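Asker: Next up is a structure, given as structure tokens.
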Amino acid sequence: MIFDEIIEFRKDLKKLTKRYRSIPEDLKAVKKNLDAEPDADPPYSFRIEGLKLKTCIIKVRKISCRSLKTKGVNSGLRLIYAYFKEESRIVFVELYHKSDKPMEDRDRILKYFK
């Protein structure tokens, strides 16, 4: 599996890493899981509907974060990615904490994948 990321994702990662130091290591574990099962896997992840895109956009709701002790997979972190099955490629679009914003940035998704 090939993993890419857009520029805004890097900014999200940098900002969140200041608050939650373990995120880079936690993302390695997420990549390992996505390598094994890249498509949506309810209740941990699901496809974002209503975008009217051919690209499969998936939201991961349950990410384990060691910096958020005693939370486990209920850390509140959200990861949005585009999955290209034919290319065996995943593009990370957005990373955020659910207390920072209520939902994904649909404008960002449409900007890159329309």
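The values are calculated or read from the model by the stated rules, or taken from the named source; none is laboratory data. Please read all numbers here as calculations on a predicted model, not as lab measurements. Neighbour counts run over all protein chains shown; Cβ positions are idealised from the backbone, glycine included.
Asker: Pull out all pairs, ordered by first then second residue, where Cβ-Cβ is under 8 Å, the residues are six or more apart or on different chains, the first lies in the range 75-89 and is in contact (Cβ under 8 Å) with a residue 60 or more places away in the chain and under 15 Å from Lys31 (Cα atoms), and the second is in a strand (DSSP E or B) and of a type in the set (Asp, Glu).
Answerer: Every condition considered, the pairs that remain are Arg89/Asp4.
Asker: Continuing with this model, one more query. From the residues in the range 72-95 that are in a loop (DSSP other than H, G, I, E, B) and of a type in the set (Gly, Ala, Ser), which one is modelled with the lowest pLDDT?
Answerer: Looking at the filtered set, the residue picked out is Gly72.
Asker: Could I ask something else about it? Only one of Asp4, Asp39 is touching a Lys or Arg at 6+ places or on another chain (Cβ under 8 Å), surrounded by fewer than 16 Cβ atoms within 10 Å (Cβ to Cβ), within 14 Å of Leu95 (Cα to Cα) and not hydroxyl-bearing (Ser, Thr, Tyr); which?
Answerer: Asp4
Asker: Does Lys101 count as within 23 Å of Arg19 (Cα to Cα), loosely packed, with under 13 Cβ neighbours inside 10 Å and either basic (Lys, Arg) or modelled with pLDDT under 90 (or both)?
Answerer: Judged against the criteria, Lys101 is a match.
Asker: Go through (1) over 16 Å from Phe3 (Cβ atoms); (2) buried (at least 16 other Cβ atoms within 10 Å of the Cβ); (3) at pLDDT 90 or above for Glu49 and report which single condition fails.
Answerer: (2)
Asker: Scanning the range 5-55 for residues that are among the small types (Gly, Ala, Ser) and assigned to a loop (DSSP other than H, G, I, E, B), which turns out nearest to Tyr81 (Cα to Cα)?
Answerer: Ala40
Asker: Give all pairs with beta carbons closer than 6 Å in which a residue from the range 16-31 that is over 13 Å from Tyr96 (Cα atoms) meets a residue that is of a type outside the set (A, V, I, L, M, F, W, C) and surrounded by fewer than 16 Cβ atoms within 10 Å (Cβ to Cβ); count only pairs at least 6 apart in sequence or on separate chains.
Answerer: Listed pairs, sorted by first residue: Ser22/Arg66.
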